[in-house]
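Structure record follows, encoded as structure tokens.
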Amino acid sequence: MASRAIDVRPRHLRLVRPADRTPAQVAASHSRIVLLLIGSTAALTAIGLIMVLSASSVSSYARYGSSFLFFKRQAMFAVAGTGFLVVTSRMRYAVWQRLAVPLLGLSVILLLLVLHPGAGTVAGGSARWIALGPVTIQPSEIAKLAVIAFAATILTRKWKTLHRPMHLMLPLVPVVGLVAILIMMQPDMGTTLIILGSVGTVVFVAGARMKHLMTTALAGGGLGLLLIMTEGYRKARLLSFLHPQADPTNRGYQLLQSLIALGSGGWFGVGLGQSRQKWMYVPNAHTDFIFSILGEELGLIGELVVLALFTALLYAGIRIALRAPDRFGLLLAAGIVGWLGLQTLVNLGAVTGLLPVTGVPLPFVSFGGSSLVVTLAAVGILVNIGRTRAAAAAGGADRPAPPPKPKRPAKKKTTRSKPVRSSKAKRPAKRPARSRTTTTAPLWGSQRRRTTGG
């Protein structure tokens, strides 16, 4: 039997530089990032619908006589949000520079209406909603997108003067401060922190000086701590977060029940729809604390899947921001990604006991019409930024221009240096000059004999 020789020589990978890729390859890379963003968003929304049905079935039946009421509303909001995603993904993202101020003005008007006793709806001690028939609107969710678009527009126009504090502060700080004060009057400190954090992300990406950012962050942190310690319920929430066992039946009850739900799930959970903590043990089981029910029913494996989907979504958003076609696209995408990342972090921190309870929903998963619709619309903006870059790459605009040909160096004229002769050196004797006959006519007869001496 003949033996075959096996080539065991090491194979080296060839590094492909960005300039070596064709426009089609670059466009395909951008398109894959957009598909990753859309896929992770769709998966989180689908998981949210399933978990809203499971987590709200008991409380919905006890209050309204139907286990599917919240699920039907969330499904309706998901359809509406998908429609907004399609619309914003087909709109040129540059349009948001013109829509930023009108959208911000609408948000301020709605935030003022919420505080009016005849227009705002109070639930859980906070006036955050406006009832329009069977549908309720939460203006603070619209304000998130409006403030981010406004901040991106202002910082894009002042790109070259951001090192000056007054140019950086005006008009950004007064406008954002007004929105934050209106939201704090509801009161809703969690949403206020998310808006301020999102604007801080935009300012950081814009390239503001670190000392200005640190000064603003320290001042804002001190003011926030002052607001927490001067308000009774905020101080109680902070202390219950630090020591929930000190008041297990009142202030620490919600966090302790959430931890019991997460611990009961184990690796694989008790089964979808089989949660025991949703039987009126965990307050707000289908809204802010839906992740607790998810961990109980799907276990640690289900939690890791959800965390992986959020990681994929944020990764795709960061890649789209870094590859944005212009500065406004970069700042707008960075603000949206910062908003989604901060809100996810705050919600999961509250559910697991790492952060105080702030009443912030988990994006795409928690029940909430305004939150789901506005969040899906923001994802549509990211999709449009990514598609714009992919279209530019497909047309060859993304490929760098070939480097100019190097110029040939000019030839230098070389001058031969004459050898230095010593003064004592003996010069060679000059040769005697040859006599040249200047006559051209031939000599004949007596003239020739006189010349030759003959």
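In this structure, is Val79 buried (at least 21 other Cβ atoms within 10 Å of the Cβ), in a helix (DSSP H, G or I) and not polar (S, T, N, Q)? No; evaluated as a whole, the condition is false for this residue. Scanning the range 292-339 for residues being in contact with a Ser or Thr (Cβ under 6 Å, 6 or more places away or on another chain) and of a type outside the set (A, V, I, L, M) gives a total of 10.
Results for (1) under 13 Å from Gly338 (Cβ atoms); (2) in contact (Cβ under 8 Å) with a residue 60 or more places away in the chain; (3) among the basic types (Lys, Arg), shown as yes or no for each residue.
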{"site": "Glu141", "(1), (2), (3)": "no, yes, no"}
{"site": "Leu145", "(1), (2), (3)": "yes, yes, no"}
{"site": "Leu155", "(1), (2), (3)": "no, yes, no"}
{"site": "Lys158", "(1), (2), (3)": "no, no, yes"}
{"site": "Arg164", "(1), (2), (3)": "no, no, yes"}
{"site": "His167", "(1), (2), (3)": "no, no, no"}
{"site": "Ala180", "(1), (2), (3)": "no, no, no"}
{"site": "Thr192", "(1), (2), (3)": "no, no, no"}
{"site": "Leu196", "(1), (2), (3)": "yes, no, no"}
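Restricting to the range 148-203, and then to whatever is assigned to a helix (DSSP H, G or I) and of a type in the set (Lys, Arg), can you tell me which residue is surrounded by the fewest Cβ atoms within 10 Å (Cβ to Cβ)? It comes out as Lys160. Identify, from the list Leu111, Leu69, the residue that is over 21 Å from Asn384 (Cβ atoms), among the hydrophobic types (A, V, I, L, M, F, W, C) and surrounded by fewer than 22 Cβ atoms within 10 Å (Cβ to Cβ). Testing whether each residue is over 21 Å from Asn384 (Cβ atoms), among the hydrophobic types (A, V, I, L, M, F, W, C) and surrounded by fewer than 22 Cβ atoms within 10 Å (Cβ to Cβ) leaves just Leu69. Of all residues in the range 82-115, those satisfying the criterion of being out of contact with any helix residue (DSSP H, G or I) (no Cβ under 6 Å at 6 or more places or on another chain), more than 27 Å from Ser366 (Cβ to Cβ) and touching a residue at least 60 places away in the same chain (Cβ under 8 Å) are Arg90, Arg92, Ala94. Screening the range 243-266 for residues that are among the polar types (S, T, N, Q) and out of contact with any helix residue (DSSP H, G or I) (no Cβ under 7 Å at 6 or more places or on another chain) and picking the one that is farthest from Pro356 (Cα to Cα) gives Thr249. Restricting Gly295, Gly271 to residues that are over 21 Å from Leu193 (Cα atoms) and in a helix (DSSP H, G or I) narrows the list to Gly295. Being part of a strand (DSSP E or B) and not hydrophobic (A, V, I, L, M, F, W, C) is the filter; apply it to the range 115-146 and report the residue that is modelled with the highest pLDDT. Ranking the qualifying residues of the range 115-146, first place goes to Thr136.
Lys72 meets the conditions (1) under 24 Å from Gly273 (Cβ atoms); (2) in contact with a Phe, Trp or Tyr (Cβ under 8 Å, 6 or more places away or on another chain) in every case but one. The failed one is (2). In the set (1) crowded, with 18+ Cβ neighbours inside 10 Å; (2) closer than 21 Å to Gly349 by Cβ, the condition left unmet by Ile260 is number (1). Restricting attention to the range 204-227, the residues that are surrounded by 15 or more Cβ atoms within 10 Å (Cβ to Cβ) and basic (Lys, Arg) total 0. Residues in the range 347-370 that are surrounded by 24 or more Cβ atoms within 10 Å (Cβ to Cβ) and part of a helix (DSSP H, G or I): Asn347, Ala350, Val351.
Out of all the residues in the range 68-81, is one or more among the β-branched types (Val, Ile, Thr) and touching a residue at least 12 places away in the same chain (Cβ under 8 Å)? The answer is no; no qualifying residue exists.
Somewhere in the range 276-288, is a residue surrounded by 16 or more Cβ atoms within 10 Å (Cβ to Cβ) and β-branched (Val, Ile, Thr)? Looking through the range 276-288, at least one residue is surrounded by 16 or more Cβ atoms within 10 Å (Cβ to Cβ) and β-branched (Val, Ile, Thr). If you go through the range 133-147 and pick out every residue that is among the polar types (S, T, N, Q) and buried (at least 21 other Cβ atoms within 10 Å of the Cβ), you end up with 2. Residues of the range 371-394 include none that is farther than 30 Å from Ser59 by Cβ, at pLDDT below 90 and part of a loop (DSSP other than H, G, I, E, B). Restricting the first residue to the range 273-301 and requiring it to be small (Gly, Ala, Ser), which pairs with a second residue that is part of a loop (DSSP other than H, G, I, E, B) and surrounded by 20 or more Cβ atoms within 10 Å (Cβ to Cβ) meet a Cβ separation below 6 Å and a spacing of at least six or different chains? Hits for this filter: Ala285/Lys278; Ser292/Val282; Gly299/Gly269.
The values are calculated or read from the model by the stated rules, or taken from the named source; none is laboratory data. Here the structure is a predicted model, which means the values were calculated and not measured. Ideal geometry is used to build each Cβ from the backbone, glycine not excepted, and the neighbour counts take in all protein chains shown.
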